[in-house]
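**Q** Sending over a structure as structure tokens; questions will come in a sec.
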Amino acid sequence: MNHVTPLLPWAPELNGAAPAAAPARPAPAAGEAPAPRQAPPPVPPARRAPGFLAGTFLAIRLAWRQLRSEKARLASAVAGVMFACVLVFMQLGFRAALFDSATQLISAMRGDLFLMHPMTTASFRPEPLPRVRAHQALALPEVQAAVPIYLAQATWRNPADGSRRTIQLVGVDTEAGVLDFPGLAPLVDALKRADTVAFDARSRPEFGDVARLLAERGPFEAQVGNRMVQVVGLIEIGPSFGADGNLVLSETNFRRIVKERVVSAIDLVAIRLQPGAEIEATRARLAALLPADVIVLTQPELVAWERRYWEEATPIGFIFAFGSLMGLVVGMVIVYQILFSDIAGHLKEYATLKAMGYSNGYLRRVVLGAALILAGLGFVPGFVAATLLYDVVGAGTFLPLHMDAERALGVFAMIFAMCAAAGLLAMRKLRDASPADMF
Amino acid sequence: MTAPVVLRGVSYAYGEGELRRPVLREVDLTVEEGEIVLLTGPSGSGKTTLLTLIGALRAMQSGSAVVLGEELAGAQEAARVRLRRRIGFIFQAHNLLGFLTARQNVAMALELDGSLSERARQDRAGELLAAVGLADHTEKPPARLSGGQRQRVAVARALAAAPGLLLADEPTAALDKASGQEVVQLLRELAKSRGVPILLVTHDPRILDIADRVVAMEDGKIVCTTDTGETPAQVVMTKG
Ligand SMILES: Nc1ncnc2c1ncn2[C@@H]1O[C@H](COP(=O)(O)OP(=O)(O)O)[C@@H](O)[C@H]1O
Ligand SMILES: [Mg+2]
């Protein structure tokens, strides 16, 4: 046969060219004529394998065609990924919500700087500090005002059914305007009267429907500790781990309820700075000025302090991390099962592909591609379901459950990694696809 | 010019140590350009093993095998994978991918060639299917084709990437007489028109007439070569 320079590398008429072009090698055993030492024939262009990207595209397309061909198996794989996805979203959601709610009281206190005893672990269990520190802080010209805050817990009698529950009391000079809570401003005058309190409208419902009672009757009497007080209005704080509900009241009224409290032992100091004062600089000067029984914190630092207690001193963080991990493990096992049985059921086909010249690397990309397709297909409905569940569960538990982009991306990365790990595990089965056993 | 297949002293054994069982002993075989060689012999004589060695599906143990100009003795896995792309395989079972249509199955052989566009692959797969008489069945999955049709798709797939050599192991074993005949005749025609040499293992005496040469194996050795050219059966005995 005569071979001309190929115009089209794949033209069937030219396929004899390859052997002709290759240099002959002398056979060692047989004493046959060695290769004639002629001018080397033109080497035909080696067939160019697809580039990595093109090859990966083809591998993923093959994976998709294979997944698509078995609808029931695909559906169960997607359901598995979706299940893992929802589980992880719920675990992380609860975790964040509990930490957020744990710090709700602190987050609601608005002030420039705070003084706290360094041994205070959490706001519901404060270590008292001397009241005189508030006055000492005023020595700095940058400090406009410093007010002591008293924290304590007392029992609240539900005005509707008479049941008693522990409620958090926040006693502060509301008039000073240093510490602010949402909704507090219009109540300042009313709270100056004896035995008046502002009730946290977001307290758990077990405290009674105070908002409705207020709307119906106006200010009404309720029992806190052994005292009858008048509920004069609503503020917004929200329940936290340490307290299911909150009351804000004046210092004087606080001491009327918590009689054992000595006036000089306070729990926090809220500081307002002069307009334009540097928070950081003032903090440093305050820290230098005051003795070691107080630390000076900004509001975000105070929140972080409180949060760290819940993260580190309680098993809550671990519980939710463990729950998330379980979700991922279950999802991985499901995806692995599906991929594994896909390979095991198509060993002959995979071996055929190897016989045709597909490399192991290509077939691994097919398996990994299938894993990542499952990750994508499972994540989308999982995300939607989790978002809906956040609303439903959030409304039922009074936990601040919210979907945010950061968490969505984080969970997507986890699901992606989970599926990739399952794919890498399942790949080992590819070794059983032996092209030598094809004939 | 080297022939597409040149085997010299190829031996192969399965198992290790005590269990070692030689199945090929010092096999010499040459397949020339455009030649159609049939390999026959009793079951267990080592035909399939020989085919898997030539097809670079199995690593060589001893001897020399130059296939399409590549020495297979001591060849790396990557080199063998590359060589496989230049060889068309037809198996006893069609081994088509069940989740792909006939056209997509044929195109799979072309997806190893990065110089082709998706369009070119599809068109070329269509042409090949037309050449095997399946122009009307290009979009059907294997499950909706008859046995003979599936094997014809396999023929189209084996030829798609313009291989320099076709290897087939009992391609008619799973087919009835008529479709078996049809498939091998087709194979012969297409191979001849393209000048592709074929090495075909068969037990089927009905298809011996397609061969240029029939090689018989027994117990791991080539025992007789029958040239089926114009001269009536001329038998050449080779020493074992
Ligand atoms: N993978 C294998 N492992 C061990 N022995 C094998 C294997 N494949 C084939 N054999 C043995 O090698 C011998 C030759 O087999 P084979 O090449 O398939 O012969 P044929 O195709 O001529 O029937 C047989 O005895 C068979 O049992
Ligand atoms: Mg066999």
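**Q** Taking +1 at the Cβ of each Lys and Arg and -1 at the Cβ of each Asp and Glu, which of A:Gly218, B:Pro42, A:Pro400 sits farthest along the dipole of the protein assembly as shown towards its positive end, judged by Cα position relative to the Cα centre?
**A** B:Pro42
**Q** Give me the accessible area of B:Tyr14, 1.4 Å probe, in Å² rounded to the nearest 10.
**A** We get 80 Å² for B:Tyr14.
**Q** Right, next: If you place +1 on the Cβ of every Lys and Arg, -1 on the Cβ of every Asp and Glu, and leave all else neutral, what size is the dipole of the stretch A:227-345 about its Cα centre, to the nearest 20 Debye?
**A** Using only the charged Cβ atoms, the result is roughly 560 debye.
**Q** Here's something else I'd like to know. Whole Å is fine, so just give me how far the alpha carbon centre of the stretch A:392-412 lies from that of the stretch A:340-366.
**A** What the calculation gives is 41 Å, centre to centre.
**Q** Could you give the dipole magnitude of the stretch A:113-297 about its Cα centre, charging the beta-carbon of Lys and Arg +1 and that of Asp and Glu -1, in debye to the nearest 20?
**A** Magnitude of the dipole: close to 420 debye.
**Q** Shape of the stretch B:1-88 from its Cα gyration tensor (a ≥ b ≥ c, root eigenvalues): rounded if a/c is under 1.5, otherwise prolate when a/b > b/c, or oblate?
**A** It comes out oblate by the Cα gyration axes.
**Q** Determine the total buried accessible area between chain B and chain A, counting protein heavy atoms only with a 1.4 Å probe; round to the nearest 100 Å².
**A** That pair of chains buries around 4700 Å² in total.
**Q** Given H placed 1.01 Å from N in the peptide plane, which residues other than close sequence neighbours of A:Ala49 have an amide H under 5 Å from its amide H?
**A** B:Gly114
**Q** Which whole-number value in Å² is the accessible area per residue of the protein assembly as shown, probe 1.4 Å?
**A** Computed with neighbouring chains in place, this is 43 Å² per residue.
**Q** Arranged from highest to lowest average of other beta-carbon atoms within 10 Å per residue, in what order do the peptides A:251-258, B:163-170, A:316-323, A:375-382 appear?
**A** Taking the mean over residues of other Cβ atoms within 10 Å, the ranking is B:163-170, A:375-382, A:251-258, A:316-323.
**Q** May I pose another question? What is the dipole size for the protein assembly as shown, taken about its Cα centre, with +1 at each Lys and Arg Cβ and -1 at each Asp and Glu Cβ, in debye to the nearest 20?
**A** 540
**Q** With the Cα gyration tensor of the stretch B:177-216 giving a ≥ b ≥ c as the square roots of its eigenvalues, does the rule (a/c under 1.5 for rounded; else a/b larger than b/c for prolate; else oblate) give rounded, prolate or oblate?
**A** oblate
**Q** Let me ask something additional. Find the centroid of the Cα atoms in the stretch A:83-128 and in the stretch B:10-27, then give the distance between the two in whole Å.
**A** 73
**Q** Per the helix-only calculation at 222 nm, which mean residue ellipticity applies to chain B, given -39500 (n - 2.57) for every DSSP H run of n ≥ 4 and division by its residues, nearest 500 deg cm²/dmol?
**A** It comes out at -9000 deg cm²/dmol, rounded to the nearest 500.
**Q** Which one of A:Tyr309, A:Met332, A:Phe320 is farthest out on the positive end of the charge dipole of the stretch A:307-364, using unit charges on Cβ (Lys, Arg +1; Asp, Glu -1) and the Cα centre as origin?
**A** After comparing all options, I get A:Met332.
**Q** Can I ask one more? Run the quick spin-label model on A:Asn360 and A:Gln274: label points 7 Å from Cα toward the beta carbon, then report their separation in nm to one decimal.
**A** In this crude spin-label approximation the distance works out to 7.5 nm.
**Q** What ³J(HN,Hα) values, in whole Hz, does the Karplus curve 6.51 cos²θ - 1.76 cosθ + 1.60 give for the stretch B:130-136 when θ = phi - 60°, with x put for Gly and Pro?
**A** 5, 5, 9, x, 10, 4, 8
**Q** Right, here's the next one. Once you sort the root eigenvalues of the Cα gyration tensor of the stretch A:197-328 as a ≥ b ≥ c, which label holds: rounded (a/c under 1.5), prolate (a/b larger than b/c) or oblate (the other case)?
**A** oblate
**Q** Between the stretch A:53-76 and the stretch B:120-178, how far is it from one alpha carbon centroid to the other, in angstrom?
**A** For the stretch A:53-76 versus the stretch B:120-178, the Cα centre distance is 23 Å.
**Q** Just add up the charged neighbours of B:Gly41: K/R +1, D/E -1, any other residue whose Cβ is under 15 Å from the Cβ of B:Gly41.
**A** Summing Lys/Arg as +1 and Asp/Glu as -1 gives -1.
**Q** Go through A:Gly171, A:Pro128, B:His203 and say which Cα lies farthest out towards the positive end of the charge dipole of the protein assembly as shown; charges sit on Cβ, +1 for Lys and Arg, -1 for Asp and Glu.
**A** B:His203
**Q** Would you mind checking the pairs B:Lys47/B:Lys177; A:Lys354/B:Lys140; A:Lys354/B:Lys177; A:Lys429/B:Lys177; A:Lys429/B:Lys221 and listing those with alpha carbons more than 28 angstrom apart?
**A** A:Lys354/B:Lys177; A:Lys429/B:Lys177; A:Lys429/B:Lys221
**Q** First compute the accessible area of the protein assembly as shown with a 1.4 Å probe, then give the percent of it belonging to carbon and sulfur atoms.
**A** Here carbon and sulfur together make up 58 percent of the probe-accessible area.
The values are calculated or read from the model by the stated rules, or taken from the named source; none is laboratory data. All values reported here derive from a predicted model rather than from experimental measurement. We place every Cβ from the backbone using ideal geometry, glycine too, and count neighbours over all the protein chains shown. Accessible surface is based on the protein model in full, side chains and every heavy atom, while ligands, DNA and RNA are left aside. Shrake-Rupley method; radii C 1.70, N 1.55, O 1.52, S 1.80 Å.
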